[in-house]
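Remarks on the structure that follows.
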Amino acid sequence: MLKVVFLGPPGAGKGTQAVRIAEKYNVPHISTGDILRAAVKEGTELGKLAKEYMDKGELVPDDVIIGIIRERLSQSDVRERGFILDGFPRTLPQAEALDKMLAELGLPLDKVVYLNVDDEEIVKRLLARGRADDTEEVIRNRLEVYRKQTAPLIDYYSEKGILVEICGVGEIDEITKKIEESLGLNG
Ligand code: AMP
């Protein structure tokens, strides 16, 4: 059982690394970005609402995101295998709501993996990725939103003593290894 949050700026490689660890150790990978993009594609009410924010690089409102996570965490695979959260929490209210939900489920967080990548590298990577919300203006806004709303979570989890910081620049395999070590996994 693994109960981990992946934290870091957009383009840090959270998704890539979260999927790798999730597949290797058979742990549910929960990406709010993936869930929202699926809803946009299906044209659901949630998708229509989320798109307004995603297109601008803004955060979808906390209550909407917390509702999605509450439902997902209540499923049996999470109880049996834990979770890797990727892209959630992104604000202090989300982090506090997560703590409460996990306390109720009796599934406290093991670790928060903070993937650190400098701004210049982030912009380069996101421009190369070319996703719909990866235009230069939207990238710049996502970075600002990250700095203002998400970066405070680094201190939040550091104070709880569960933060591990990992440099997200370098070979993908090497970064995966460092993450595994930090989580006490044998590789
Ligand atoms: P991501 O794939 O994690 O980069 O997320 C893409 C977009 O989905 C973000 O720019 C936000 O608009 C939205 N989003 C994803 N996760 C969250 C979250 N935890 N809180 C608010 N908005 C989110």
Quiz item: residue 109 fails exactly one of the following numbered conditions: (1) part of a helix (DSSP H, G or I); (2) within 16 Å of the ligand (Cβ to nearest atom); (3) in contact (Cβ under 8 Å) with a residue 24 or more places away in the chain; (4) surrounded by fewer than 19 Cβ atoms within 10 Å (Cβ to Cβ). What is the number of that condition?
Solution: (1)
Self-check item: Evaluation of residue 124 against (1) among the basic types (Lys, Arg); (2) in contact with a Pro (Cβ under 7 Å, 6 or more places away or on another chain); (3) free of Cβ contacts under 8 Å to residues at least 40 places away in the same chain (one fails), failing number
Solution: (2)
Quiz item: Is there a residue in segment 74-82 that is at negative phi, touching a strand residue (DSSP E or B) at 6+ places or on another chain (Cβ under 9 Å), of a type in the set (Val, Ile, Thr) and within 16 Å of the ligand (Cβ to nearest atom)?
Solution: no
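Which of the residues spanning segment 112-150 are part of a strand (DSSP E or B) and of a type in the set (A, V, I, L, M, F, W, C)?
The initial filter retains those residues of segment 112-150 that are part of a strand (DSSP E or B), namely 112-116.
If the condition is that a residue be part of a strand (DSSP E or B) and of a type in the set (A, V, I, L, M, F, W, C), then 112, 113, 115 are the ones that fit.
Within segment 53-73, track down each residue that is of a type in the set (Asp, Glu) and either surrounded by 19 or more Cβ atoms within 10 Å (Cβ to Cβ) or more than 8 Å from the ligand (Cβ to nearest atom) (or both).
From segment 53-73, those of a type in the set (Asp, Glu) are 55, 58, 62-63, 71; that's our starting set.
Residues satisfying the conditions are 55, 63, 71.
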Quiz item: Has segment 26-34 got any residue that is within 12 Å of the ligand (Cβ to nearest atom) and polar (S, T, N, Q)?
Solution: yes
Quiz item: Only one of 162, 122 is more than 14 Å from the ligand (Cβ to nearest atom) and under 18 Å from the mean Cα position of the chain (by Cα); which?
Solution: 162
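None of the figures in this text is laboratory data; all of them are computed from the coordinates on show. Predicted model only: the values in this text are computed from it and were never measured. Here Cβ is always computed from backbone atoms with ideal geometry, including for glycine, and neighbour counts include all displayed protein chains.
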